[in-house]
């Protein structure tokens, strides 16, 4: 049996995105896009794993995922989507349909099982796939070479390794009376314009070029800005401007969600990751005549 972990990462969701699967140090692959979602990355990791292991069609494949969306899509919802012509129960089209159709095609004739594992909980294989997906996403963000990995050793030219998923042939219709249909976990829609602006501004506050220039930071902070740091320390605007400096370790932003609290107020919920540290964060941005300003920020340490 081949056991592999598959994972995806989007730095802004949508934003620079990566995917990766991992068997061991000699068998792993990663890739991504300049703009994509977590769901796209999670699905592409499974798809590429199926492609590269297709040279061993009789070998059972066990896939570890921390995404309930991927597992439910493949094991519970897909049969209903296919019966309805790849439509949800409400008649809306299924998102990421090209990826899902190709996964469906590659599952034919294979013995593939899925197991949910908790993400960021110290699972060795999950952490290895996650680190590689994040590295790919950062490479697309920074315009550097993507660490693609060795792939599945022994796959040779027989395995399909293209990252471009085009139209696939229609998947056969299967009647599955026992599969669970809706409720369907929602796909990740593109963020509204206001949320995209706020995410971009929040990301800019992680850049050395911004943090090393107090004037640029000052332009982003609301006059009444306050922060409760991950250490519990209270920061005022003046204190922040006097102390701001480049971060010790590179830090990435992963969007958890955005909420429009009022016409000109957006709450951004996100996760920061740096070497050896993860924190859950909330930022309240207020639109002023001078543009969006960060009014309040709070950080809470998270378990690795």
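The values are calculated or read from the model by the stated rules, or taken from the named source; none is laboratory data. These figures come from a predicted structure and were not determined experimentally. Positions of Cβ are generated from backbone atoms using ideal geometry, with glycine treated the same way; all protein chains shown enter the neighbour counts.
List of remarks:
- Listed by position, the strands (runs of 3 or more DSSP E) contained in the stretch 222-285 that have at least 2 residues being within 13 Å of residue 205 (Cβ to Cβ) are 252-262, 265-274.
- Given (1) surrounded by fewer than 17 Cβ atoms within 10 Å (Cβ to Cβ); (2) under 23 Å from the mean Cα position of the chain (by Cα); (3) free of Cβ contacts under 8 Å to residues at least 40 places away in the same chain, index of the condition residue 87 fails: (2)
- Close pairs from the stretch 276-287: first assigned by TED's automatic domain parsing to the domain that holds residue 222, partner buried (at least 18 other Cβ atoms within 10 Å of the Cβ) and outside any strand (DSSP E or B), Cβ under 8 Å, at least 6 apart: 283/198; 283/202; 285/198; 285/201; 285/202
- Meets criteria (under 21 Å from residue 119 (Cα atoms), under 25 Å from the mean Cα position of the chain (by Cα) and at pLDDT 85 or above) for residue 278: yes
- Selection count, the stretch 2-40, where residues are farther than 20 Å from residue 97 by Cβ, in a loop (DSSP other than H, G, I, E, B) and in contact with a strand residue (DSSP E or B) (Cβ under 6 Å, 6 or more places away or on another chain): 2
- Verdict on residue 43 being part of a helix (DSSP H, G or I), touching a helix residue (DSSP H, G or I) at 6+ places or on another chain (Cβ under 9 Å), closer than 26 Å to residue 257 by Cβ and in the same structural domain as residue 142 (by TED's automatic domain parsing): yes
- Leading residue by the ranking (farthest from residue 35 (Cα to Cα)) among those in the stretch 240-258 that are at pLDDT 90 or above and either touching a helix residue (DSSP H, G or I) at 6+ places or on another chain (Cβ under 6 Å) or surrounded by fewer than 14 Cβ atoms within 10 Å (Cβ to Cβ) (or both): 242
- Among (1) over 28 Å from residue 278 (Cα atoms); (2) touching a strand residue (DSSP E or B) at 6+ places or on another chain (Cβ under 8 Å); (3) not in a helix (DSSP H, G or I), the one test that residue 55 misses: (2)
- Any hit, the stretch 267-286, residues being exposed (fewer than 14 other Cβ atoms within 10 Å of the Cβ), in contact with a strand residue (DSSP E or B) (Cβ under 9 Å, 6 or more places away or on another chain) and more than 28 Å from residue 131 (Cβ to Cβ): no
- Applying the criterion of being over 20 Å from residue 42 (Cβ atoms) and touching a strand residue (DSSP E or B) at 6+ places or on another chain (Cβ under 8 Å) to the residues of the stretch 77-113, the residue that is modelled with the lowest pLDDT is 87.
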